[in-house]
Amino acid sequence: MVNLGGRHEGVTREEYASANLVMIAMVKASKALRIYLPNNPILIGFMDDLDGRMTGHLESYGEFVLDVEPFILRYKGKDIYQNQDPKESMACRIYADGIRTLFFLPGIESRELMAFLGVVGFELSTSDEDVVTQLWERDLPHLRYLLEEDFVEGHLEEDLTEPGSQQAAVTRVYQALAQQIPSQPRMIPKHLLMLTGEEEKWLRKARQVEARRNGLDDVINILSAILAGVKEPEIFWDFVGIMGNLASNMFLAGEIGHALRLIRFMDQLMKLGSTKPEQRKLLSDALARILDLQTVQVLQETLDGSDAVTHQDLKELLLIFGLPSLGAICELLGRVEKLKVRKVIIEVLVELGRKDPGVFTPFLDDPRWYLVRNVVLVLSLVGTPVALEMIIRLISHKEARIRREVLGYLERSGDLKAKTYIVKYLRDDSSALRIKALQILAREKLPFALKPVLALTTADEFATRSLAEKKAVYEALGELGGDEILPMFRDMLLRKYWFQKAAEKESAQLAVAGLLRMQSGQAKKLLQEARNNRRSGEIRDILDQALAAFDAVRGKRGAGAVEV
């Protein structure tokens, strides 16, 4: 713990803040030195920060002196570092070998700071070499220290129990040291610094490999090795949790590739014959927790915003998550915008639900219409009788967009039983869906639809329907009824509507719509008969146009054209 304080007696606020920054940088660099190799860019960055702050402090205040106690380091009598853990405390390591004061002198170099931290930043060594010996061997000309015996020998022997006496003694020793001529650095023979061509080539290659290394890869490799070899249930449980949490964090950080590596390994371990059932359960539960609303959001943004995740990797990933994450996968389908990605997700859902479409039942009642619509699409591709029954229950769903998706499935289906449910849409609340159902029934000439369509014309509410919908009804009758429906059309064309010209015109329009769909000789004969009974007026014009259209259509068919 680094203590950040304000102004203290004997030292200004600015100097104390500067010393604190140096101490913070020293602690960070010490921790980094335990994790990274000397040429790692992260460690180099921490050491550069420490070097810069130490140099700046020494230039501004001329000294950086630390008094050492068992768990505390003090700067000019004020706490600057504290750590009560003997295994972690830098102060404990320094104090244990008798050092009571440290002096960092102007001109200190980065290599000296790294060497110092290399000695005091690690746990106490079990070898015979103590901290003092190791510091002496490293030849650090800008680092001085006072040992415990220095305070009770020679001119420093005095009563240190009085307040301030130790600080005063330290100050005098420091002044004496400053007047000494620094020892000359030891020269290393030149031939010891030379590298052979092979050694230089190897070293350059090693540096390149190290620069390309990714810390996440190392962590994943270590975790995988531990999890694959651990036998104790509690330790196995701990590391499964660690790996699951790491995979979730990788998702949230956008590192989907690393997350996939972790998930793929957990899946492979779960499928091994040597893995115990209770271990499989732990692995399955950990995988099921990874894909939640947060990770789905990140995955969706990654899929829509880049090509970082291939379609094959996405399919493998979702199949590993499987049925326990079915809800999250359906949610992902509802959010993704790229059509090709949606296709991959649909393929996965179809594969997951093929054996038991009932797994999708809870999602059919979801308040999010787009999610239900997507499930209907998946069920339609599953195509089993069970899937059909699940879809049919949505014909009366309150959301028109879902009912439209169901109607689309019924239209695409080759099952005659499914086609019979289209008739239910003739009473739908949506005019657009009613017209669509009529068009499907007419185009496919489904004979069972004739009576329900004919019944529409006698219903009380039929008069209130739009002209477009009424035309769709009579066009369907023309397609489905054949010549047996001609008497009804004759009555509509020849009957007089006294004082109801609008009704008479509409009746003629509807009859013409049906007759044009019949395209039979009897239909044309009826149109000619009706035309001959009308000397002039709007209805005569309607009949003329109908006969012209009738001949045009038959002419195209005779020439081999395809009517659309």
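The values are calculated or read from the model by the stated rules, or taken from the named source; none is laboratory data. Since this is a predicted model, take the numbers as computed values, not measurements. Don't worry about glycine lacking a Cβ; one is built from the backbone with ideal geometry, like all the others, and counts go over all protein chains shown. Keep in mind that these areas ignore ligands, DNA and RNA; they rest on the heavy atoms of the full protein, side chains included. Shrake-Rupley method; radii C 1.70, N 1.55, O 1.52, S 1.80 Å.
Per-structure values
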| item | result |
| --- | --- |
| The stretch 469-501, subset more than 21 Å from ALA442 (Cα to Cα) and open to solvent by less than 80 Å² (accessible area, probe 1.4 Å), residue modelled with the lowest pLDDT | TYR497 |
| Cβ pairs under 8 Å, 6+ apart, first in the stretch 476-489 and under 15 Å from ALA530 (Cβ atoms), second polar (S, T, N, Q) and surrounded by fewer than 20 Cβ atoms within 10 Å (Cβ to Cβ) | LEU486/GLN522 |
| Spans of helices (runs of 4 or more DSSP H) in the stretch 289-361 with at least 2 residues open to solvent by less than 30 Å² (accessible area, probe 1.4 Å) and among the polar types (S, T, N, Q) | 293-305 |
| Elements of type helices (runs of 4 or more DSSP H) in the stretch 457-525, at least 1 residues being farther than 24 Å from PHE550 by Cα | 501-518 |
| Test: LEU269 is over 25 Å from LYS340 (Cβ atoms), of a type outside the set (S, T, N, Q), open to solvent by 10 Å² or more (accessible area, probe 1.4 Å) and outside any loop (DSSP other than H, G, I, E, B) | yes |
| Verdict on LEU291 being within 28 Å of VAL375 (Cβ to Cβ), at pLDDT below 90 and out of contact with any strand residue (DSSP E or B) (no Cβ under 9 Å at 6 or more places or on another chain) | yes |
| Hits in the stretch 426-463 - residues which are under 48 Å from the mean Cα position of the chain (by Cα) and of a type in the set (S, T, N, Q) | SER430, SER431, GLN439 |
| Helices (runs of 4 or more DSSP H) within the stretch 1-113 that include 2 or more residues charged (D, E, K, R) and within 25 Å of GLN134 (Cα to Cα) | 13-35, 41-61 |
| Looking only at the stretch 508-521, and only at residues there that are surrounded by 13 or more Cβ atoms within 10 Å (Cβ to Cβ) and more than 60 Å from the chain's Cα centre (by Cα), the one that is nearest to ARG443 (Cα to Cα) | SER520 |
| Number of positions in the stretch 410-419 that are surrounded by 18 or more Cβ atoms within 10 Å (Cβ to Cβ) and aliphatic (A, V, I, L, M) | 2 |
| Set VAL132, VAL120: member being at pLDDT below 90, farther than 26 Å from GLY52 by Cβ and of a type in the set (A, V, I, L, M) | VAL132 |
| Any hit, the stretch 85-99, residues being within 20 Å of GLU148 (Cα to Cα), in contact with a Gly (Cβ under 9 Å, 6 or more places away or on another chain) and either surrounded by fewer than 20 Cβ atoms within 10 Å (Cβ to Cβ) or of a type in the set (Lys, Arg) (or both) | yes |
| Residues of the stretch 507-538 that turn out to be touching a residue at least 24 places away in the same chain (Cβ under 8 Å), over 14 Å from ARG490 (Cα atoms) and not hydroxyl-bearing (Ser, Thr, Tyr), as a count | 3 |
| Residue ID - nearest to ARG342 (Cα to Cα), chosen from residues in the stretch 293-317 that are in contact (Cβ under 8 Å) with a residue 24 or more places away in the chain and among the hydroxyl-bearing types (Ser, Thr, Tyr) | THR302 |
| Residue in the stretch 373-381 that is of a type in the set (Ser, Thr, Tyr), in a helix (DSSP H, G or I), more than 34 Å from the chain's Cα centre (by Cα) and surrounded by 18 or more Cβ atoms within 10 Å (Cβ to Cβ) present | no |
| Test result for ILE422, open to solvent by less than 70 Å² (accessible area, probe 1.4 Å), closer than 21 Å to THR384 by Cα and not charged (D, E, K, R) | yes |
| The one condition in (1) surrounded by fewer than 11 Cβ atoms within 10 Å (Cβ to Cβ); (2) at pLDDT 80 or above; (3) in a helix (DSSP H, G or I) that MET243 fails to fulfil | (1) |
| Qualifying positions in the stretch 1-57 - at pLDDT 85 or above, of a type in the set (D, E, K, R) and over 16 Å from GLY118 (Cα atoms) | ARG13, GLU14, GLU15, ASP49, ARG53 |
| Per-region count, the stretch 382-393, residues farther than 13 Å from VAL406 by Cβ and not in a helix (DSSP H, G or I) | 2 |
